[in-house]
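S.K.: Structure provided below as structure tokens; questions to follow.
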Amino acid sequence: AKTEGKDCYAVFNSNMQLAALNRLQIENDLREAIKQEQLCLYYQPIIELMSGHLSGFEALIRWQHPTKGLIYPDEFIPIAEETGLINPIGWWVIQQACYQLKCWEKEHPKGLKLSINVNLSAQQLKQKGLVEKIGDLLTETKIEGNRLKLEITESCLLETVTIEAQRVNQIKELGIGLCIDDFGTGYSSLSRLYEFPIDTLKIDRSFIRRLEFSQTAIVQIIVSLAHTLGINVVAEGIETLEQLNHLQGLGCELGQGYLFSKPVDSAKANQLLHNYNSE
Ligand code: C2E
Ligand code: CA
Ligand code: CA
Ligand code: CA
């Protein structure tokens, strides 16, 4: 039994080493990815649920790895956050999203009013100079602040200290929209939420899934709470017509999900733009 235990320990240990090695490899590869421009953005449409019009896109990062193929953010964003690489990566995402928006505007000049949502991680909020950099970028690209929306998760917002909360307010002063991502999962006290200049609540997918089983109460409360406070609501992860019907009935104004489209590359997003605009 004693030797068995020892073996067990050895296996455990080598698994841990393997995991550590794998992480180290991803970290190294990720540094390379930034230099070699292997990162790219996919775009998922955000739809006005009553009219079916395209309101904008959420930018979602992907990594085109030279040997491993397309890697999804859940596999590398946590490592990027731990290593601080999220700062250069996150900044690249904001820039790329703004340039892409500019590109689409040039191609569809007729009063195209699109907005673009970008995910912001907690680390980025801790960065000095973030707000100034975003302000400069908006000036340089001549993009109105209200066309850019930054998504911050509910749990991230709740962890903010004074200086970061100030930064959130400065972002708001640039006209940029503030969207609370994964809303409903962070158990925020409403009074704490009230400290922030929120434009949009994005209801977490887990609640949308439950609509199928007629569990509408929580979504109903979130929608009416938001509307009382003058805040817009986006439902994420809409996969079925049934869910869509529920949400329309509850007066939820915006939504995204596979029912409309999966996240697509910029060429396909451009096609979607043509389709929606010619309807
Ligand atoms: P998120 O911000 O909550 O993004 C929504 C995720 O749900 C996306 O996964 C999207 O592809 C997926 N999704 C959308 N509609 C549906 C649906 O109808 N059904 C299902 N099952 N899934 C749906 P993705 O692209 O893999 O992103 C995962 C997470 O990675 C994001 O969650 C976000 O937290 C993070 N992330 C992505 N891009 C960035 C980025 O540029 N910066 C930072 N900091 N995080 C990012
Ligand atoms: Ca998001
Ligand atoms: Ca989300
Ligand atoms: Ca999420």
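S.K.: Of the residues in the stretch 232-276, how many are free of Cβ contacts under 8 Å to residues at least 60 places away in the same chain, in contact with a strand residue (DSSP E or B) (Cβ under 7 Å, 6 or more places away or on another chain) and surrounded by fewer than 20 Cβ atoms within 10 Å (Cβ to Cβ)?
M.R.: Of the residues in the stretch 232-276, 1 are free of Cβ contacts under 8 Å to residues at least 60 places away in the same chain, in contact with a strand residue (DSSP E or B) (Cβ under 7 Å, 6 or more places away or on another chain) and surrounded by fewer than 20 Cβ atoms within 10 Å (Cβ to Cβ).
S.K.: Being within 16 Å of ligand 4 (Cβ to nearest atom), touching a Gly at 6+ places or on another chain (Cβ under 9 Å) and either assigned to a helix (DSSP H, G or I) or over 19 Å from A59 (Cβ atoms) (or both): is that true of S224 here?
M.R.: Values: within 16 Å of ligand 4 (Cβ to nearest atom): no; touching a Gly at 6+ places or on another chain (Cβ under 9 Å): yes; either assigned to a helix (DSSP H, G or I) or over 19 Å from A59 (Cβ atoms) (or both): yes.
No, not satisfied.
S.K.: Turning to a different aspect of this structure: Out of (1) more than 16 Å from ligand 4 (Cβ to nearest atom); (2) part of a helix (DSSP H, G or I), the odd one out for I116 is which?
M.R.: (2)
S.K.: Let me ask something else about it. Regarding P109, is this residue within 15 Å of ligand 2 (Cβ to nearest atom) and surrounded by fewer than 20 Cβ atoms within 10 Å (Cβ to Cβ)? Break it down into steps so the answer makes sense when it comes.
M.R.: Working: within 15 Å of ligand 2 (Cβ to nearest atom): no; surrounded by fewer than 20 Cβ atoms within 10 Å (Cβ to Cβ): yes.
When the stated conditions are applied, P109 does not pass them.
S.K.: Based on what the data block shows, is Q95 in a loop (DSSP other than H, G, I, E, B), open to solvent by 30 Å² or more (accessible area, probe 1.4 Å), touching a residue at least 40 places away in the same chain (Cβ under 8 Å) and not acidic (D, E)? Break it down stepwise before answering.
M.R.: Numbers: in a loop (DSSP other than H, G, I, E, B): no; open to solvent by 30 Å² or more (accessible area, probe 1.4 Å): yes; touching a residue at least 40 places away in the same chain (Cβ under 8 Å): yes; not acidic (D, E): yes.
It is false that Q95 is in a loop (DSSP other than H, G, I, E, B), open to solvent by 30 Å² or more (accessible area, probe 1.4 Å), touching a residue at least 40 places away in the same chain (Cβ under 8 Å) and not acidic (D, E).
S.K.: Restricted to the stretch 155-172, and to residues that are of a type outside the set (A, V, I, L, M, F, W, C) and out of contact with any helix residue (DSSP H, G or I) (no Cβ under 8 Å at 6 or more places or on another chain), which residue is surrounded by the most Cβ atoms within 10 Å (Cβ to Cβ)?
M.R.: From the stretch 155-172, those of a type outside the set (A, V, I, L, M, F, W, C) are 155, 159-160, 162, 164, 166-167, 169-170, 172; that's our starting set.
The next check asks that each one be out of contact with any helix residue (DSSP H, G or I) (no Cβ under 8 Å at 6 or more places or on another chain); those that pass are 155, 162, 166, 169, 172.
On the way: S155: 15, T162: 7, Q166: 12, N169: 14, K172: 18.
Ranking the qualifying residues of the stretch 155-172, first place goes to K172.
S.K.: Condition check: within 13 Å of ligand 1 (Cβ to nearest atom), in contact with a helix residue (DSSP H, G or I) (Cβ under 7 Å, 6 or more places away or on another chain), under 30 Å from G175 (Cα atoms) and outside any helix (DSSP H, G or I). Does I208 satisfy that?
M.R.: Working: within 13 Å of ligand 1 (Cβ to nearest atom): yes; in contact with a helix residue (DSSP H, G or I) (Cβ under 7 Å, 6 or more places away or on another chain): yes; under 30 Å from G175 (Cα atoms): yes; outside any helix (DSSP H, G or I): no.
No; evaluated as a whole, the condition is false for this residue.
S.K.: Exactly one condition in (1) part of a helix (DSSP H, G or I); (2) within 15 Å of ligand 1 (Cβ to nearest atom); (3) at pLDDT below 95 is false for V168; which is it?
M.R.: It is condition (2) that V168 fails.
S.K.: Could you say whether any residue in the stretch 237-247 is in a loop (DSSP other than H, G, I, E, B) and in contact with a Lys or Arg (Cβ under 7 Å, 6 or more places away or on another chain)?
M.R.: Checked the stretch 237-247: at least one residue is in a loop (DSSP other than H, G, I, E, B) and in contact with a Lys or Arg (Cβ under 7 Å, 6 or more places away or on another chain).
The values are calculated or read from the model by the stated rules, or taken from the named source; none is laboratory data. Values in this document were obtained by computation on a predicted structure and should not be read as measured data. Using ideal geometry, Cβ is built from the backbone for each residue, glycine included, and neighbour counts are taken over all protein chains shown. Accessible surface is based on the protein model in full, side chains and every heavy atom, while ligands, DNA and RNA are left aside. Shrake-Rupley method; radii C 1.70, N 1.55, O 1.52, S 1.80 Å.
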